[in-house]
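Report on one structure; see the data block that follows.
The values are calculated or read from the model by the stated rules, or taken from the named source; none is laboratory data. Note that the structure is a prediction, hence the values are computed from the model and not measured. For neighbour counting, all protein chains shown are included, and Cβ atoms are generated from backbone atoms with ideal geometry for every residue, glycine included.
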Amino acid sequence: MKKELLIAVSLISLSLISCGKSESGNKGSIKLETSETSVVDNNGKIDTLTSGSSTSIVDGKKTETKSSIYKAIDGTLVKVVFTEASHESTLAITSNKKTFTLPKIKSDATETIYQKDNMKATIKGDSLILDQDNNIIQLVKTKI
């Protein structure tokens, strides 16, 4: 009885160990340079925010993604992801588990503007100014 139980446990253990996840992934996609940062929010909870950049090549099309953490005057942290692709450039703003994605409409040497419906984001250097229905929120890039 003990031998049968020992054999059964051994077989189950071997089958669980041998069923590991393959890390090879999609061979048509390349991802480089990412980093992860833990930040404590105002409530003392740990937020895991990703900052850095990555480049992906899928079906011969290159997509560059850069993410940064911005801070509002009241101390609220916001994750901002800039995506540059051959067909589209977007800005994704994530705060309080909500994400707003805005397409780029204008870019020059001093500022870049993203806009969708009533929400507009203006990037000037390390500043991001959000304007939604005349409610203006100023954010500054953090050095995390």
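So here's what we get for this one:
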{"item": "Residue within region 49-70 that is of a type in the set (A, V, I, L, M) and in a loop (DSSP other than H, G, I, E, B) present", "result": "no"}
{"item": "Matching residues in region 110-129 - criterion: being part of a loop (DSSP other than H, G, I, E, B) and within 23 Å of Lys143 (Cα to Cα)", "result": "Thr110, Glu111, Gly125, Asp126"}
{"item": "Of all residues making up region 89-127, the number that are on the phi < 0 side of the Ramachandran plot and under 17 Å from the mean Cα position of the chain (by Cα)", "result": "13"}
{"item": "Residue match in region 61-70 (condition: of a type in the set (Val, Ile, Thr), surrounded by 15 or more Cβ atoms within 10 Å (Cβ to Cβ) and at pLDDT below 75)", "result": "no"}
{"item": "Restricting region 64-91 to residues that are of a type in the set (Val, Ile, Thr) and free of Cβ contacts under 8 Å to residues at least 60 places away in the same chain, the residue that is farthest from Ser53 (Cα to Cα)", "result": "Thr76"}
{"item": "Cβ-Cβ under 7 Å pairs, at least 6 apart or on other chains, region 92-116 side in contact (Cβ under 8 Å) with a residue 12 or more places away in the chain, far side surrounded by fewer than 13 Cβ atoms within 10 Å (Cβ to Cβ) and assigned to a loop (DSSP other than H, G, I, E, B)", "result": "Pro103/Glu88"}
{"item": "Residue ID - modelled with the lowest pLDDT, chosen from residues in region 33-60 that are of a type in the set (A, V, I, L, M) and surrounded by 16 or more Cβ atoms within 10 Å (Cβ to Cβ)", "result": "Val39"}
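Yes/no per residue for (1) surrounded by fewer than 16 Cβ atoms within 10 Å (Cβ to Cβ); (2) of a type in the set (Ser, Thr, Tyr); (3) under 21 Å from Glu64 (Cβ atoms):
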{"site": "Glu88", "(1), (2), (3)": "yes, no, yes"}
{"site": "Leu91", "(1), (2), (3)": "no, no, yes"}
{"site": "Phe100", "(1), (2), (3)": "no, no, yes"}
{"site": "Ser107", "(1), (2), (3)": "yes, yes, yes"}
{"site": "Thr112", "(1), (2), (3)": "no, yes, yes"}
{"site": "Ser127", "(1), (2), (3)": "yes, yes, no"}
{"site": "Leu130", "(1), (2), (3)": "no, no, no"}
{"site": "Asp133", "(1), (2), (3)": "yes, no, no"}
{"site": "Ile137", "(1), (2), (3)": "no, no, no"}
